[in-house]
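Participant: Dropping a structure here in structure tokens format, bear with me for questions.
Values in this text are rule-based calculations from the coordinates and carry no lab data. Owing to the predicted nature of the structure, the values given are computational and were not obtained by experimental measurement. All Cβ positions, glycine included, derive from the backbone under ideal geometry; neighbour counts span all protein chains shown.
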Amino acid sequence: MNITKVAKAGTLESNDILIMVMPNDSGDVELELESIVMKQFGEVIRNVILNKVQEMGIEGITIKAQDKGALDYTIGARVETAIKRAI
Amino acid sequence: MNKLRRSMLFMPGNNPGMLQDAAILGADSIILDLEDAVSLTEKDSARILVREAIKTIDYSQVEVVVRVNPLDTEFGAPDVDMIARVKPDTLLIPKADEEEIKLVDKMLNAIEKEEGFEAGSVKIMALVETAIGLENVYNIIKASKRVVGVLLGGEDLTSDLGIKRTKEGEEIFYARNKVATACRALKVDSIDTPFTDTNDYEGLERDTAKAKSLGLTGKAAINPRQIDVIHSVFAPTEAELKQAMRILAAMKEAEKEGKGVFSLDGKMVDAPVINRAKTTVGLGQRLGLI
């Protein structure tokens with residue numbers, strides 16, 4: 001499934017993550033991630049985001065994520081919200 | 001799970017940090033709020049975040065209550081449908097009336113069947129905060145076997161009544177009596193409205209003591225700093241516990257002698273006094289005081 005518009009979810013407050021999603025024409029899943037804990041958890045955060053996108057069956061999506069120390073459950077919830085808003 | 005409901009702490013449903021901390025703040029129950037604490041544009045986001053929080057975070061030491069949006073808004077039914085599927089302990093239904101409680105009960109019956117949950121396992125607490133709801137509180141509790149308590153919402157109620165809300169709370173005297181009596185009659189918990197000045201601990205103590213003296217069994221909190229004061233008011237004092245235990249000991253002696261009514265320190269002790277003593281000792285035991 002593809003998304004049709006740009007959408008955001010989350011905030012830049014601590015323990016949260018701001019996710020912005022937009023459609024792209026490549027058909028791929030592209031992710032730009034910034035995090036205050038990039039060195040320690042960058043890879044984990046990346047996997048949580050990509051797993052959620054895959055679980056929801058979304059292709060052709062560009063994701064910009066600004067993480068402020070969110071736990072996995074928050075990351076998953078914000079990605080899901082952003083995608084649902086963009087469909 | 002701790003079944004006491006001395007304190008019920010409201011936590012905003014769209015704040016990840018607060019949802020993470022909610023379990024360890026010492027409240028008996030936490031109310032994850034999807035209604036007033038969440039702006040209209042973030043209802044979808046908070047609903048998903050609260051669902052994920054309940055699935056992920058260990059809330060085993062507290063009762064997890066979710067305040068959904070009113071059923072007559074576009075958000076209420078989706079809230080119930082999504083949240084009930086991760087099995088919170090209780091749903092708090094705002095602006096409760098009989099019809100609304102029956103509707104939620106019906107939705108929960110269907111969801112529990114679909115998800116394979118035990119029938120009746122998700123409980124309901126009614127938030128009574130309208131004049132019509134207050135006058136109907138007995139029937140609201142009777143509307144579903146799931147109803148485990150009533151939370152009195154003083155702010156919305158006084159707004160509905162068109163009267164001023166004060167710190168002294170005389171304007172909700174009738175409402176507190178009415179809720180406490182109906183809840184006692186139907187053996188469910190009655191939770192008092194929160195005290196909104198979070199810096200006034202003496203005021204909070206007086207307000208909680210007033211609620212307790214009218215028969216309410218717990219109090220809502222809007223800040224974790226309020227929990228200790230609320231618990232200290234609802235805990236029986238050492239003197240109350242001692243006296244209650246003396247009454248029960250004297251009762252056993254009287255039973256041996258075949259007496260229904262007896263006297264202790266020159267005062268008559270009969271069934272109501274004994275029942276009160278049993279309640280006090282029971283609470284003391286649950287709190288680990290004896």
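Participant: Take the Cβ-Cβ distance between A:Glu55 and B:Gln61 as r, set R0 to 30 Å, and report the resulting FRET efficiency rounded to the nearest 0.05. Mind showing how you got there, number by number?
Facilitator: On the way: r = 30 Å, r/R0 = 1.01.
Result of the calculation: an efficiency of 0.50.
Participant: Also, quick follow-up: Could you put B:Val38, B:Val281 in order, starting from the residue whose Cβ has the fewest other Cβ atoms within 10 Å? Walk me through the numbers on the way to the answer.
Facilitator: Numbers: B:Val38 23, B:Val281 19.
Ascending Cβ contact count within 10 Å gives the list B:Val281, B:Val38.
Participant: For the range B:195-290, which GluC sites (Glu not before Pro) are both in a DSSP coil and crowded by at most 14 other Cβ atoms within 10 Å? If you can, show how the numbers build up before the last one.
Facilitator: Values: sites: B:Glu202, B:Glu205, B:Glu238, B:Glu240, B:Glu253, B:Glu255, B:Glu257; in loops: B:Glu257.
Loop-located and lightly packed - B:Glu257.
Participant: What does the charge count near B:Pro194 come to, summing +1 for each Lys or Arg and -1 for each Asp or Glu among other residues with Cβ under 11 Å from its Cβ?
Facilitator: Numbers: positive: B:Lys219; negative: B:Glu155, B:Asp192, B:Asp197, B:Asp207.
Result for the neighbourhood of B:Pro194: -3.
Participant: Right, another one. Restricting to Cα pairs below 8 Å that are 6+ residues apart, what does the relative contact order work out to for the range B:7-234? Please round to a whole percent.
Facilitator: Numbers: 435 pairs, mean separation 38.5, N = 228.
Computed value for the range B:7-234: 17 percent relative contact order.
Participant: When we measure straight from the Cα of B:Lys267, which lysines land under 19 angstrom away, once same-chain ones fewer than 8 places off are left out?
Facilitator: Leaving aside lysines fewer than 8 places away in the same chain, those within reach of B:Lys267 are B:Lys242, B:Lys252, B:Lys259, B:Lys278.
Participant: Once both axes come from the Cα atoms, what is the angle between helix B:98-115 and the longest principal axis of chain B, in degrees from 0 to 90, rounded to 10?
Facilitator: 70
Participant: Could I ask something else about it? When the helix-only estimate is applied to chain B (DSSP H runs of n ≥ 4, each -39,500 (n - 2.57), divided by the residue count), what is the mean residue ellipticity at 222 nm, nearest 500 deg cm²/dmol? Don't jump to the answer; show the numbers that get you there.
Facilitator: Details: 12 runs with 135 residues, N = 290.
Calculated at 222 nm, the ellipticity per residue is -14000 deg cm²/dmol.
Participant: Taking a cut-off of 26 Å between Cα atoms, list the lysines near A:Lys8, but don't count ones fewer than 8 places away on the same chain.
Facilitator: Excluding near neighbours in sequence, the set is A:Lys39, A:Lys52, A:Lys64, A:Lys68, A:Lys84, B:Lys43, B:Lys55.
Participant: In terms of Cα to Cα distance under 23 Å, which lysines are near enough to B:Lys145, apart from those fewer than 8 places away along the same chain?
Facilitator: Excluding near neighbours in sequence, the set is B:Lys3, B:Lys87, B:Lys95, B:Lys102, B:Lys106, B:Lys113, B:Lys123, B:Lys178, B:Lys187, B:Lys219.
Participant: Return the whole-Å distance between the Cα centroid of the range A:14-62 and the Cα centroid of the range B:224-247.
Facilitator: After rounding, the separation between the Cα centres reads 51 Å.
Participant: If I take R0 = 45 Å and measure r between the Cβ atoms of B:Lys87 and B:Glu257 in this structure, what FRET efficiency does the formula 1/(1 + (r/R0)^6) give, to the nearest 0.05? Before the final figure, lay out each step's value.
Facilitator: Numbers: r = 51 Å, r/R0 = 1.14.
Between B:Lys87 and B:Glu257 the formula returns 0.30.
Participant: Rounded to the nearest 0.05, what FRET efficiency is calculated for B:Asn109 and B:Asn139 with R0 set to 22 Å and r the Cβ-Cβ distance?
Facilitator: Values: r = 20 Å, r/R0 = 0.89.
Between B:Asn109 and B:Asn139 the formula returns 0.65.
Participant: If each DSSP helix of 4+ residues adds -39,500 (n - 2.57) and the sum is divided by the residues in chain A, what number results at 222 nm, nearest 500 deg cm²/dmol? Before the final figure, lay out the partial values.
Facilitator: Values: 2 runs with 33 residues, N = 87.
Mean residue ellipticity at 222 nm (helix-derived): -12500 deg cm²/dmol.
Participant: Measure nothing fancy, just the Cα-based angle from helix B:43-56's long axis to the longest principal axis of chain B, in degrees from 0 to 90, nearest 10.
Facilitator: Result, in degrees: 60.
Participant: Among B:Met11, A:Met1, B:Met245, which comes first, then next, by fewest other beta-carbon atoms within 10 Å? Spell out each step's value before the answer.
Facilitator: Numbers: B:Met11 23, A:Met1 11, B:Met245 15.
Fewest-to-most ranking of B:Met11, A:Met1, B:Met245: A:Met1, B:Met245, B:Met11.
Participant: Counting Lys and Arg as +1 and Asp and Glu as -1, what is the net charge of the other residues whose Cβ lies under 15 Å from the Cβ of B:Ala22? Write out the running numbers ahead of the final one.
Facilitator: Working: positive: B:Arg51, B:Lys55, B:Arg67, B:Arg225; negative: B:Asp21, B:Asp28, B:Asp33, B:Glu52, B:Asp58, B:Glu63, B:Asp89.
Net local charge, B:Ala22 excluded: -3.
Participant: Can I ask one more? Which of A:Phe41, B:Phe173, B:Phe234 comes first, and how do the rest follow, when ranked by fewest Cβ neighbours within 10 Å?
Facilitator: Details: A:Phe41 17, B:Phe173 12, B:Phe234 22.
Listed from fewest to most nearby Cβ atoms, that is B:Phe173, A:Phe41, B:Phe234.
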